[in-house]
1. Tell me, please, whether a residue that is modelled with pLDDT of 75 or more, in the same structural domain as residue 95 (by TED's automatic domain parsing), crowded, with 17+ Cβ neighbours inside 10 Å and not in a helix (DSSP H, G or I) can be found in region 115-128.
2. Out of curiosity, is residue 505 surrounded by fewer than 22 Cβ atoms within 10 Å (Cβ to Cβ) and in contact with a strand residue (DSSP E or B) (Cβ under 7 Å, 6 or more places away or on another chain)?
3. Can you find a residue in region 151-161 that is modelled with pLDDT of 75 or more and crowded, with 19+ Cβ neighbours inside 10 Å?
4. Pick from region 849-861 the residues that are in contact with a helix residue (DSSP H, G or I) (Cβ under 9 Å, 6 or more places away or on another chain) and assigned to a loop (DSSP other than H, G, I, E, B): which of them is surrounded by the most Cβ atoms within 10 Å (Cβ to Cβ)?
5. With the requirement that a residue be buried (at least 19 other Cβ atoms within 10 Å of the Cβ) and modelled with pLDDT under 90, what does region 873-901 give you?
6. Only one of (1) under 30 Å from residue 828 (Cβ atoms); (2) crowded, with 16+ Cβ neighbours inside 10 Å; (3) not assigned by TED's automatic domain parsing to the domain that holds residue 724 is not met by residue 970, so which one is it?
7. What is the residue count in region 9-53 for residues that are touching a strand residue (DSSP E or B) at 6+ places or on another chain (Cβ under 8 Å) and assigned to a loop (DSSP other than H, G, I, E, B)?
């Protein structure tokens, strides 16, 4: 197939060429004058399964030929059995063993790093060991680095890197995958030197970015019938620029650096690289422009000399669109609009970006038109239903079961799907309502049992809850084997449910199968994991699931694709959209290396952090050479301004600096075309004009209006009548929060109970009226009702602060009157109205003359006298009710005093103004208020006179407050 050559045989294809198609065309062209079986003798090595499938599909399209033998770079490890190499060490086992070694080092030297960084350190150290083995760098080389100018950090790094030696010593009869792969390649090269293959061997599509792959490429290029085909080679790059790429410290981030390194190792020059086929790039002028824009930073002065020589800039930019959106949402919507048009036109279009948030936003925007893109990245396993389910189950081991954790699992689509799932969901909803209304915050077996006793639930359901949800917290450390067994047993039992046996559908479908593989690999290697805590195990599980990926899409659109940068190297599309071109996204920010800095990496022969940036630059250079290109970015993220990608910035600056070549006009045209799509996206998002809601004042039939209110609702009727309408006419009540918190309501309930018990027990024993007894009773009731330690301490300190003042005031009150009732219920009718007013008095005392003294405890600020006269008439109405005989055990009795007792940060007493607002007057005013709402023309206006505009009402969303404000006139609406 190839003519004999003394030089290594390197071919290349320019940027923008459909690489798989050009590869196939070149193979067919070279086999035209060969016998039919010649093509079948070719051994073709590619780097990804996706590329192999594309090549196969191109051959399948015809004409009918015998196919070459295709294999992947990763398949070379299978040849190791011929050389009796030991099996590859599973990566999970290595990670677990490294974690143990690092844990022991951290235990011995706690100042080295935080314990929470255990798995991050083991991952990064594993990556370093991988890299050292792939590049052929020993730990001896690392120890011998010149660190004379380094700080004390190097001594710490050496302590960690020393683990690599210890780790290697423990691996008898096994090798790391990277070390094994390198040894396979070395053995293969040695075999080829003695007995080179006579058939053609072609390696295509790799850039040689890793040391082992580079060794293989160099060896294949020297074979008698060997060849390497490079993707995205810059044939426009001058020789002087190639010669300036020698120093990796300043050139590693250049897109062609890896090709330069390969040529230097093979003693080749750029002119020795031959085109593989006669395929021409779709936009040669654009390739020259981009090549100049991406010159290494030290030689960008070539813009001044070579820029004026650029020709045909108009053609270079004619099929380019620049989108500079105001936000990521606007960027995603503009991209979605263009992909929609491509779908309508039957055009092949691909979005290329490493930004997964952008791809999710684009997919969501396309969903409105029922377009499902073919997303090559799939979904992270940890976000799939089985991944989330396993993580939720693992959390049961870490902390006490709370209401939200319980219901998150009960409502999960994989829970109880072995049978009777509909009944299970009905029971779960009923349990949720009980937990919201009555608690407890941390459900247990007794809670589940009580729930089942009061309701007709299916047999075994509450037992299933008690067995697999309650009391699953495990303290201390256990071997990893035990953790894995616990997790799988519990997960399968929860998934199966209470009515059947098996595992439900937990391990079904692709996501379940991938999750099962993770669990099985964890089970197989758990013996190497040592002991760990529940939190460490949950973190380990989450990290393992995050490395998995699921592609389980049904019938995606055949011509609308979303690719990562790797997939873009082996595919072709008529329209390519380069999305998310901002620094930190594309290219991604270099990850911090806790082990070696750039200089030490360069000395050791390891890869520099800029390597990843150089690979991204090469991906960018290939993708931007497509026939039609969109370049998009958002000028602002959700919280700050963004910085344009360095490659886009260079391209714009170069065009701006070529006014004689019409560069600024070309750039302006790109932006103008992009703005057109942004305007369309903005028009699509423009809200439909709608009349804002009016301030409601509903007027229901008199027969439907409430006939009974409590005195605590009277201030609400005065300030926000709409809330009374929503609660009593519509019968809508706010749903209690699922996650109960120590809020003001609970504090009020508990404090009321504390002082009620304290006063009761001191009625016959005045000596119990002491500070110590009050605090003892407070501790007792807080322990019973408040499961939050911080809240208990805070509330106890508040009562401790006011205890002395309260006892002194109570002693004075006892000299005047004696308590006769606590939490006394009372009700009275407003004649001649068919209306009842009800109350619950915190405390009622009676003096020697038979007069009543009413007390109301307030954990917040008591209302002032002025507020009581206008709005907060609760205690005044209570006094009027007492004189009307609302309390049956007391009868109609005159009230001598009514007093608010503030029990906040300080004790404060505020009397009700009975002297001016005497009970008979209050009773008459109450009758007038209620009678007014029996008038059919009286509406229940929303937020009639709230104290502050910032005051919240439970029904503000129902009244659509915000579309109107307090200046709006209430709009009456007659209801039937």
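1. There is no residue in region 115-128 that is modelled with pLDDT of 75 or more, in the same structural domain as residue 95 (by TED's automatic domain parsing), crowded, with 17+ Cβ neighbours inside 10 Å and not in a helix (DSSP H, G or I).
2. In short, no.
3. Scanning region 151-161, I find no residue that is modelled with pLDDT of 75 or more and crowded, with 19+ Cβ neighbours inside 10 Å, so the answer is no.
4. 859
5. Within region 873-901, 873, 874 qualify.
6. For residue 970, the exception is condition (1).
7. 5
Yes/no per residue for (1) at pLDDT 75 or above; (2) within 21 Å of the chain's Cα centre (by Cα):
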position	(1), (2)
556	no, no
569	no, no
574	yes, no
581	yes, no
591	no, yes
598	no, no
606	yes, no
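The values are calculated or read from the model by the stated rules, or taken from the named source; none is laboratory data. Keep in mind it's a predicted model, so treat the numbers as computed, not measured. Methodologically, a virtual Cβ is constructed for each residue, glycine included, from the backbone with ideal geometry; neighbour enumeration extends over all protein chains shown.
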